[in-house]
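Colleague: Following this message is one structure expressed as structure tokens.
The values are calculated or read from the model by the stated rules, or taken from the named source; none is laboratory data. Since this is a predicted model, take the numbers as computed values, not measurements. Neighbour counts run over all protein chains shown; Cβ positions are idealised from the backbone, glycine included. With ligands, DNA and RNA removed, areas are computed over all heavy atoms of the protein, side chains included. Shrake-Rupley method; radii C 1.70, N 1.55, O 1.52, S 1.80 Å.
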Number of protein chains: 2
Amino acid sequence: MPEPLNSVGIVEPQIAEFDSPLQLTSSGVLNQYSLAYETYGELNANRSNALLICHALSSDHHAAGFHSKTDKSAGWWDLLIGPGKPIDTNRFFVVCSNNLGGCSGSTGPASINPSTGQPYGPDFPIVTVADWVESQARLSDYLGIEQWAAVIGGSLGGMQVLQWSTTYPNRLKHAIVIASAAKLTAQNIGFNDVARQAIRTDPDFHNGDYYKHNTRPARGLRVARMLGHITYLSDDLMANKFGRSLRQKAKFDYEFSPEFEVESYLRYQGDQFIDRFDANTYLLMTKALDYFDPAADYEGRLGKALANATADFLVVSFSSDWRFSTERSREIVRALQSNKLNVSYAEIESPHGHDSFLLEIDHYTQVMHAYINRIAGECLGANS
Amino acid sequence: MPEPLNSVGIVEPQIAEFDSPLQLTSSGVLNQYSLAYETYGELNANRSNALLICHALSSDHHAAGFHSKTDKSAGWWDLLIGPGKPIDTNRFFVVCSNNLGGCSGSTGPASINPSTGQPYGPDFPIVTVADWVESQARLSDYLGIEQWAAVIGGSLGGMQVLQWSTTYPNRLKHAIVIASAAKLTAQNIGFNDVARQAIRTDPDFHNGDYYKHNTRPARGLRVARMLGHITYLSDDLMANKFGRSLRQKAKFDYEFSPEFEVESYLRYQGDQFIDRFDANTYLLMTKALDYFDPAADYEGRLGKALANATADFLVVSFSSDWRFSTERSREIVRALQSNKLNVSYAEIESPHGHDSFLLEIDHYTQVMHAYINRIAGECLGANS
């Protein structure tokens, strides 16, 4: 494909190997592990221009650019990351790593467990947002980055940003939390558990040991992804995008093959996903979402939980996002304000639901551009 | 169990057999079929006191009372049906039948197909709301009821009421449409399709012929029901009822067994359902929901579609119902009003989501009581 002018171009994933044991929240330990990551732009001499991107449920370290000249799609946040884009690779050194437990190169359930010589499968420990931040801090050391100009993430990525801001307050100057929440609601946990049950009761799941059986719980993962997609979109958007339109026909056939466009869309999304994602990783990511609740250790007081944060914050939410509603973002804003932190908050009008954080929305792009310009001014000096 | 004072008591389901072919919307034909039904109260001499109850997705003809002295739970609408209750069996003769395609006694996919001597399975034809109304009209003839004092239903049952009002305008004096819609949204169709895909991709589904294999797609049906339950409740209700409470423990175990109360609740609901419901029936019911759209034949104009209705209407919706939102009920009200019909509309404040129509909510009970009192006045005379 012709490379767009403002693209980071061809990028190559890299692997960082770690062999000092990582104690996990769950009491598990990973004695050695790898993190896959990509970088875009150049680290400046005083190492003040580094931005860390934290990814959400189903994405990975490939946030921008292309893996080859024939690569059909760009990284998942290519709209925001590139030369001249809000996350401007002409000015910043941008890092994104695949979360531990992932399936795109970092150590995860499909990786070989050195103590057995077999894939981890169900023996891969539960990982939490705090564990990811710990592993990302070690990656920061590995890359020689003492302090991030900003840590940035949407959805589950936003939870990692919140965790960074309290675990390593001195290692980030700014925190950008987009379409996120300080904890999931019961409804959200419910949706996650339905997805997990679809996967775990698929007979091809084999208690997570499906690699051994040379199969995978594709049916369950497909259903999980279809359900996810409904909750990432808004009711109105689905009404406008699909409504009750039929698929390539004028009348009902009264049969179980897809008749409505929306059925066809969801099944397509499900089918695409099973070819690129590992079911055990999906399970781990949804559990990490469910567990995250920094206020739980402070009698539910989020202000207390965020008390030692020092970064400046940008919090962004989207009007039609019902999975991570604007109210959840406002809770974060109030908690940060109670600690007298510098907080900017933007509620973006968008019909696109939770998916908005991945999309091109003028106001959103402008807000990100302006805030990251401000970071450039502060971290890189006036002439940067 | 001690029989409550205002219960219809022990009731016995009955079966009506039909052997004149029923032409279905789908082009299928059922040459003979049975309808299971129950009745409560007594039909008066001039047959003016009959009420027809239409059931929703997962219920059946057992709307009130108990099947035996040891029966642990009453019929699904026992809160509303009984002596002195809003649907007052001291004054009305109440009929409820199991929809065709059901799994509680009416002919459905698990019934023997007379032309093969085997269960219908996937050969059971797709049935629509219009087909159900046709079969209910025949049941009305069979019972000698020329005109219903009211036809009443919630959710999918409300769709049947709308269909009754236009197909047989002279056969009902009142129509009560509760928590319903004149058509499903794309989001609703999406949820239904996820449920269907969970069932149809369960390896025990055997393309719907699972009876032959002496099995059933219990895993898929369980996931479908879990998902359904999330959408029947409101986000707020789930937050209040479960929140992030843990199940019999103070701390996370970091494992995949249910940790949160909400997981435990949903799995329990799923487990209960698979013991009482047939997956093929679930598929048929969700398809009937998806297809219903009386305005489709009138360029989307619902007023036109309901033009030949003559009944007086009560339309009821619930504030927190996001699966059949109050806006859907208001569309129905506007369409009825455009036809100069007598329409009462009540929007009930309730935190219980779509499930509200099955629950004891003072304002709801009062509205039903008052409206059905009015029906009694009109249909039974002042002294009834």
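Colleague: Report the charge-dipole magnitude of the protein assembly as shown in Debye, nearest 20, computed about the Cα centre from +1 at each Lys and Arg Cβ and -1 at each Asp and Glu Cβ.
Modeller: 460 debye
Colleague: For B:LYS249, give me every one of the aspartates and glutamates with a C-alpha distance below 17 angstrom, ignoring sequence neighbours fewer than eight places off in its own chain.
Modeller: Output for B:LYS249: A:ASP290, A:ASP293, A:ASP297, A:GLU299, B:GLU259, B:GLU261, B:GLU263.
Colleague: Something else: When N is the residue count of the range B:243-288, what does its C-alpha Rg come to as a fraction of 2.2 N^0.38 Å?
Modeller: On the way: Rg = 15.0 Å, N = 46, 2.2 N^0.38 = 9.4 Å.
Scaled against compact globular proteins, the figure is 1.60.
Colleague: Sticking with this one: In whole angstrom, how far apart do the alpha carbon centroids of the range A:140-175 and the range B:123-181 sit?
Modeller: The range A:140-175 and the range B:123-181 have Cα centres spaced 60 Å from each other.
Colleague: Which of the listed residues, B:MET226, B:ALA198, A:TRP77, is farthest toward the dipole's positive end in the protein assembly as shown, when Lys, Arg count +1 and Asp, Glu count -1 at the beta-carbon?
Modeller: The listed residue farthest towards the positive side: A:TRP77.
Colleague: In addition: Please give the contour-minus-distance gain from A:LYS340 to A:GLN269: 0.36 nm per residue of separation, less the Cα-Cα distance, rounded to one decimal in nm.
Modeller: Length gained, A:LYS340 through A:GLN269: 21.2 nm.
Colleague: Using the Cα centre of chain B as origin and beta-carbon charges of +1 (Lys, Arg) and -1 (Asp, Glu), tell me which of B:SER344, B:ASN6, B:GLY158 is placed farthest towards the positive end of the dipole.
Modeller: B:SER344
Colleague: Additional query: Distance between the C-alpha centers of the range B:24-103 and the range B:246-319? Whole Å please.
Modeller: Going from one Cα centre to the other spans 20 Å.
Colleague: Rounded to a whole number, what is D in µm²/s for chain B from Stokes-Einstein with the Kirkwood radius over alpha-carbon pairs (4 °C, 1.567 mPa s)?
Modeller: 60 µm²/s
Colleague: While we're looking at this one, here's another question. Calculate what fraction, in whole %, of the accessible area of the protein assembly as shown sits on carbon and sulfur atoms when a 1.4 Å probe is rolled over the protein chains.
Modeller: Using a 1.4 Å probe with all protein chains present, the protein assembly as shown comes out at 46 percent carbon and sulfur.
Colleague: Let me ask another. For the range A:1-137, state the average projected area of the convex hull of the C-alpha atoms over all orientations, rounded to one decimal in nm².
Modeller: Orientation-averaged projected area of the Cα hull: 9.3 nm².
Colleague: Where in the range B:18-74 are there trypsin sites (Lys or Arg not before Pro) that are in a DSSP coil and have at most 13 other Cβ atoms within 10 angstrom of their Cβ?
Modeller: Details: sites: B:ARG47, B:LYS69, B:LYS72; in loops: B:ARG47, B:LYS69, B:LYS72.
Those satisfying the criteria are B:LYS69, B:LYS72.
Colleague: Just how large is the dipole of the range A:305-384 about the Cα centre, in debye to the nearest 20, putting +1 at every Lys and Arg Cβ and -1 at every Asp and Glu Cβ?
Modeller: That gives the range A:305-384 a dipole magnitude of about 340 debye.
Colleague: How many percent of DSSP beta bridges within the protein assembly as shown run antiparallel, rounded to 5?
Modeller: In the protein assembly as shown, DSSP labels about 35 percent of beta bridges as antiparallel.
Colleague: Separate question: Loop-only check: which trypsin sites (Lys or Arg not before Pro) in the range A:291-352 are DSSP coil with at most 11 other Cβ within 10 angstrom?
Modeller: Working: sites: A:ARG301, A:LYS304, A:ARG323, A:ARG328, A:ARG330, A:ARG334, A:LYS340; in loops: A:ARG301, A:ARG323, A:LYS340.
Passing sites in the range A:291-352 are A:LYS340.
Colleague: Of A:LYS241/B:LYS183; A:LYS183/B:LYS251; A:LYS251/B:LYS304, which sit over 18 Å apart, Cα to Cα?
Modeller: A:LYS251/B:LYS304
Colleague: Still on this structure, I have one more. If you take every DSSP beta bridge whose two residues both sit in chain A, what share of them, in percent to the nearest 5, is antiparallel?
Modeller: The answer is about 35 percent antiparallel.
Colleague: Can you find, among B:ILE126, B:LEU358, B:LEU306, the residue farthest towards the positive end of the dipole of chain B? Put +1 on the C-beta of Lys and Arg, -1 on that of Asp and Glu.
Modeller: Ranked along the dipole, the leading option is B:LEU306.
Colleague: Averaged over peptide A:248-257, how many Cβ atoms belonging to another chain are found within 10 Å of each residue's Cβ?
Modeller: 4
Colleague: Ordering B:SER338, B:SER135, B:SER325 from largest to smallest accessible area (1.4 angstrom probe), what's the sequence?
Modeller: So the residues, ranked largest to smallest area, are B:SER338, B:SER325, B:SER135.
Colleague: Take the alpha-carbon positions of the range B:201-251, form their convex hull, and give its projected area averaged over all directions (one quarter of the hull surface) in nm².
Modeller: Average projection, Cα convex hull of the range B:201-251: 5.6 nm².
Colleague: Find the eigenvalues of the gyration tensor of the Cα atoms of the protein assembly as shown, then list the square roots of 5 times those eigenvalues as equivalent ellipsoid semi-axes, largest first, in whole angstrom.
Modeller: 54, 27, 24
Colleague: Hey, another quick one. Sort A:291-299, B:56-64 for me by packing, meaning the mean count of neighbouring Cβ atoms within 10 Å per residue, highest on top.
Modeller: B:56-64, A:291-299
Colleague: Separate question: Give the cross-link partners of A:LYS85 among the lysines, using a straight C-alpha distance below 25 Å as the criterion and excluding same-chain residues fewer than 8 apart.
Modeller: A:LYS69, A:LYS72, A:LYS173
Colleague: Kindly report the accessible area of chain B per residue (heavy atoms of protein chains, probe 1.4 Å, no ligands, DNA or RNA), in Å². Mind showing how you got there, number by number?
Modeller: Details: 14510 Å² over 384 residues.
I get 38 Å² per residue for this part.
Colleague: If each DSSP helix of 4+ residues adds -39,500 (n - 2.57) and the sum is divided by the residues in chain B, what number results at 222 nm, nearest 500 deg cm²/dmol?
Modeller: -10500 deg cm²/dmol
Colleague: Report the relative contact order of the range B:1-115, percent, no decimals, based on alpha-carbon pairs under 8 angstrom and at least 6 residues apart.
Modeller: That works out to 31 percent.
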